[in-house]
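Engineer: Below is one structure. I have some questions about it.
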Amino acid sequence: MHDIQNETDSRGIELDRVGIDGVRYPVSFEDGHFRQEGIADFGVTVRLQNDRRGTHMSRMVALVHEHLQRFDPRRLPTVLKAGAGLLDAPAITVAMAMPVSTTVVAPASGRESKQVHDIRIEGQWDNGNVTVQTAVTAEVTSLCPCSKAISDYGAHNQRSKVTLTVTGQGDTPYPLSVHGAVRLLSSSASAPVVPLVKRADERVLTMQAYDSPVLVEDMAREVSASCRARGLRHAVSIRNLESIHSHDAIAFISG
């Protein structure tokens, strides 16, 4: 059959990215620290040369099926190189997003539960240069130091969503694991978010937050400082889902 995608285009315009998105596919995530089964959302795009009319999008689905069902971010450089060859492209980008869970232990009762985090991993191969960004979003508790300072008793707190994006390159595409990122984010807050708590746990968590008040600015700086100490290229985005205000509080920093 005639291959229309392989026809020559005479307009001489290169496309930055063209491909597929929203591909839902079963995945076994494995990064050397934990393994989890799930359904991930994939996107695959390539840079399209100025003389090519189109790309072979069916080959992108084949790349997901044959190389990414067992998703190990440490293997992305190899997969990206294979994908660039399969699609005869000077640059290729693969993105994967899915929820994963970690086990949380309540501080007093010792009861276990699961906390869910969203992850997104994007790898790019560009003429042999590889960049991988790993983004992890976790929920934590933050207690307002201003509220504590001005109140006769008590202080307002809120749930905060913190996203840490770490960039790896070359031989170190995955410098911080998902578990490591979750631990780092939890340590920057007033207290963790624990899905299953008994009354004794609630007492401990409430007092822990009261003893460790943080502004959204404090959390952003604390996460960034921890990344800088590890030599990690990073970006931090925080949203406090404020409990007594009609707005959210946000912060962003990169380093």
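The values are calculated or read from the model by the stated rules, or taken from the named source; none is laboratory data. Owing to the predicted nature of the structure, the values given are computational and were not obtained by experimental measurement. Cβ: placed from backbone, ideal geometry, glycine included. Neighbour counts: every protein chain shown. SASA here: full protein model, heavy atoms, side chains in, ligands and nucleic acids out. Shrake-Rupley method; radii C 1.70, N 1.55, O 1.52, S 1.80 Å.
Engineer: Select the helices (runs of 4 or more DSSP H) contained entirely in segment 175-255, then report the ones holding at least 3 residues which are open to solvent by less than 50 Å² (accessible area, probe 1.4 Å) and of a type in the set (G, A, S).
Structural biologist: On the way: elements: 178-187, 199-211, 216-229.
Once the helices (runs of 4 or more DSSP H) in segment 175-255 are filtered for at least 3 residues that are open to solvent by less than 50 Å² (accessible area, probe 1.4 Å) and of a type in the set (G, A, S), what remains is 178-187, 216-229.
Engineer: Could we say that Q133 is within 23 Å of P73 (Cβ to Cβ), open to solvent by 30 Å² or more (accessible area, probe 1.4 Å) and free of Cβ contacts under 8 Å to residues at least 40 places away in the same chain here? Steps first, answer last, please.
Structural biologist: On the way: within 23 Å of P73 (Cβ to Cβ): yes; open to solvent by 30 Å² or more (accessible area, probe 1.4 Å): yes; free of Cβ contacts under 8 Å to residues at least 40 places away in the same chain: yes.
Yes: the conditions hold for Q133.
Engineer: Could you check, for segment 149-156, whether at least one of its residues is surrounded by 16 or more Cβ atoms within 10 Å (Cβ to Cβ) and under 19 Å from S186 (Cβ atoms)?
Structural biologist: no
Engineer: Pairs needed: first member in segment 175-194, free of Cβ contacts under 8 Å to residues at least 12 places away in the same chain; second member anywhere, hydrophobic (A, V, I, L, M, F, W, C); C-beta distance under 9 Å; at least 6 residues apart or different chains.
Structural biologist: Every condition considered, no pair remains.
Engineer: Another one. In segment 56-95, which residues are in contact with a helix residue (DSSP H, G or I) (Cβ under 6 Å, 6 or more places away or on another chain) and open to solvent by 10 Å² or more (accessible area, probe 1.4 Å)?
Structural biologist: Once the filter is applied, which keeps residues that are in contact with a helix residue (DSSP H, G or I) (Cβ under 6 Å, 6 or more places away or on another chain) and open to solvent by 10 Å² or more (accessible area, probe 1.4 Å), segment 56-95 yields H56, R59, H67, L86, L87.
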